[in-house]
Amino acid sequence: MILHEVKRGDLLLTNDPEKVDIDALCDLVAKQYWGPNRLRRTTRRAFENSYTFVLLQGEKMVGCVRVVTDFVTAAYIEDVIVDDSLRGRGIGQWMMREMMTSPDMAEQHRWLLMTADAQTFYEKLGFSAPGHPEWVMEKVIPYPTE
């Protein structure tokens, strides 16, 4: 992994594993509409086994992007979060652009994600509905509840 850090005002976006606070990430995820149904251990394992960028304001974790990837052929974006107090300032788009153009991700062929309500946000970053939706399949198993 190539360390990638970039600043924007008092914010730091970094992929440095030493700066990832898993408990703070679990707290961020729990506040999202998809988070209350996810056990902390599930979120913890997801972040521990993914390529993660965190957004820091001083020492406080205020955002993140989690990516499941092989770094070349496919990347699945999950858990894109910007703290409510920072929304509406273009920080989410900045964070996504920086992550997608970071040295580790620069040769990525296919980016995938799912969203219930942020299509317009992701369209501004070049995302669109799948060109061949008939190729896409899924199997959903509920998260563990205990």
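The values are calculated or read from the model by the stated rules, or taken from the named source; none is laboratory data. Note that the structure is a prediction, hence the values are computed from the model and not measured. Counting neighbours? That spans all protein chains shown, and the Cβs are built from the backbone with ideal geometry, glycine included.
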Apart from one, (1) within 15 Å of the chain's Cα centre (by Cα); (2) surrounded by 12 or more Cβ atoms within 10 Å (Cβ to Cβ); (3) modelled with pLDDT under 95 all hold for residue 33; the odd one out is (2)
Positions within segment 101-134 being without any contact (Cβ under 8 Å) to a residue 60 or more places away in the chain, closer than 17 Å to residue 74 by Cα and acidic (Asp, Glu), in sequence order
107
Which numbered condition trips up residue 38, out of (1) exposed (fewer than 12 other Cβ atoms within 10 Å of the Cβ); (2) touching a residue at least 24 places away in the same chain (Cβ under 8 Å); (3) basic (Lys, Arg)?
(1)
Residues of segment 8-30 being closer than 17 Å to residue 87 by Cα and either over 14 Å from the mean Cα position of the chain (by Cα) or assigned to a loop (DSSP other than H, G, I, E, B) (or both), which ones?
8, 9, 10, 11, 12
Strands (runs of 3 or more DSSP E) contained entirely in segment 46-146, each with at least 1 residues that are among the small types (Gly, Ala, Ser) and surrounded by fewer than 16 Cβ atoms within 10 Å (Cβ to Cβ):
74-82
